[in-house]
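For reference, the structure discussed in these notes is given below.
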Amino acid sequence: MHSQRTDAAKNFEIRINHFQEHRYHNINSPAAINNLQPGSILLINCNVVITRKLYGILLSVLIAVAVVTAALSVNVDKLDGDPAFEKAVAIIKKYESLHTARNWPYVGYGHRVLKGDPYKKGDVLNEADAEAQLRKDLKKFIKMFDSYGNNALILGVLSYNIGPTNVKKSSVIKLLEKDRDKLRAAYLSHCRYQGKKHQQILRRRTEEFDTLFGLLLNEYKQQ
C-alpha cells in the first residue's frame, strides 16, 4: 500500500480516524522522532495523524509563535522609572487626586476595592500607599494589553479609569493604527459621567491621548 504512494504523499500527509489502515507511532520524546523512517506516520493527540515532515513544520511554527509572544511581553517589574510610564502615573494622579472615606469603595488614586484587598470601609490611604496601589493597578492593565505593543500604555491608562472590559469592547481597539484622527475622537468620547459629557473627564482624556499615544515604553524599545 505504501509503495503505491508518491514521494510527496509519503512526506506530507494527514489522516484522521483511519487507524486500521496505517502504521502509527506514539511520540513521547525527541529521540522517538529521530528514529522514525521517512514516510512514517505520527499519532499526536486529538486522533490527528501527521507525517514526520509536517510535524517538523508545525514545530517550527509553534517555536516562532512562542518567540514573538515572548518579545511582545513587557516586564512590569521594570516599568518604574520609565519616562512614559511615569508620565502616565502623573496624569492619573493629577485627575484622580487622593480619595477620602466618602469615596468608598474607591481608595487612594481611584483604586476600586476588590474582594481580597486589604482595605475596609473608612480607610484612607496616604500618598505613598496610594501611589503604590496606582502603580500596581496600572502595571496590571498594561500587561493585559501586551499584544498591542506600544499601544499597551495608552490602553492601560484608559482601563484604569473605565475598566479593561469596556476598553476591549470600545471602538478605540478597532481603530488602533488605522485612523489616528478617528482614534483620537473615539478615545476622547469616553468622557461621560452619569450619561452626560463631563468637561473635566474630557480634559483628562485629551491630556492622556495627546501625551501618551505613541510613546514607547523602554521595555518595547529594547526588543
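Just to be sure before I move on: is Tyr119 aromatic (Phe, Trp, Tyr) and touching an Asp or Glu at 6+ places or on another chain (Cβ under 8 Å) in the structure I sent? Walk me through how you get there before you give the answer.
Values: aromatic (Phe, Trp, Tyr): yes; touching an Asp or Glu at 6+ places or on another chain (Cβ under 8 Å): no.
The answer is no for Tyr119.
Check whether at least one residue in the range 158-165 is under 24 Å from Lys94 (Cα atoms), modelled with pLDDT of 90 or more, over 16 Å from the mean Cα position of the chain (by Cα) and not basic (Lys, Arg), and report yes or no.
yes
For Val74, work out the one condition from (1) in a helix (DSSP H, G or I); (2) β-branched (Val, Ile, Thr); (3) at pLDDT below 90 it doesn't fulfil.
(1)
Considering the range 70-91 alone, what residues qualify as being in contact with a Leu (Cβ under 7 Å, 6 or more places away or on another chain) and either farther than 13 Å from Lys139 by Cα or free of Cβ contacts under 8 Å to residues at least 40 places away in the same chain (or both)? So that I can check it myself, show each step before the final result.
Looking only at the range 70-91, we keep the residues that are in contact with a Leu (Cβ under 7 Å, 6 or more places away or on another chain), and these are 74, 79, 82, 84-85, 87-89.
Matches in the range 70-91: Lys87 only.
Could you list, in sequence order, all residues of the range 77-100 that are over 23 Å from Thr211 (Cβ atoms) and either modelled with pLDDT under 95 or basic (Lys, Arg) (or both)?
Within the range 77-100, just Asp77 meets the criteria.
Across the range 98-140, what is the number of residues that are touching a residue at least 24 places away in the same chain (Cβ under 8 Å) and not charged (D, E, K, R)? Give the steps one after another, and end with the answer.
The initial filter retains those residues of the range 98-140 that are touching a residue at least 24 places away in the same chain (Cβ under 8 Å), namely 98-100, 107-111, 124-125, 127, 130-131, 133-135, 137-140.
Those still in the list that are not charged (D, E, K, R) too: 98-100, 107-111, 124-125, 130, 133-134, 138.
Of the residues in that region, 14 qualify.
Does Lys94 meet the test of being surrounded by fewer than 13 Cβ atoms within 10 Å (Cβ to Cβ), in the same structural domain as Glu208 (by TED's automatic domain parsing) and part of a loop (DSSP other than H, G, I, E, B)? It would help to see each step written out before you state the result.
On the way: surrounded by fewer than 13 Cβ atoms within 10 Å (Cβ to Cβ): yes; in the same structural domain as Glu208 (by TED's automatic domain parsing): yes; part of a loop (DSSP other than H, G, I, E, B): no.
It is false that Lys94 is surrounded by fewer than 13 Cβ atoms within 10 Å (Cβ to Cβ), in the same structural domain as Glu208 (by TED's automatic domain parsing) and part of a loop (DSSP other than H, G, I, E, B).
State whether the residues of the range 116-137 include one that is modelled with pLDDT under 95, among the charged types (D, E, K, R), buried (at least 16 other Cβ atoms within 10 Å of the Cβ) and assigned by TED's automatic domain parsing to the domain that holds Lys94.
Looking for residues that are modelled with pLDDT under 95, among the charged types (D, E, K, R), buried (at least 16 other Cβ atoms within 10 Å of the Cβ) and assigned by TED's automatic domain parsing to the domain that holds Lys94, one finds none in the range 116-137, hence no.
What residue, of Lys182, Lys143, is surrounded by fewer than 19 Cβ atoms within 10 Å (Cβ to Cβ), in the same structural domain as Gly214 (by TED's automatic domain parsing) and in contact (Cβ under 8 Å) with a residue 24 or more places away in the chain?
Lys143
The values are calculated or read from the model by the stated rules, or taken from the named source; none is laboratory data. Every value quoted in this text rests on a predicted model; they were computed, and no experiment measured them. Virtual Cβ from ideal backbone geometry, glycine too; neighbours counted across all protein chains shown.
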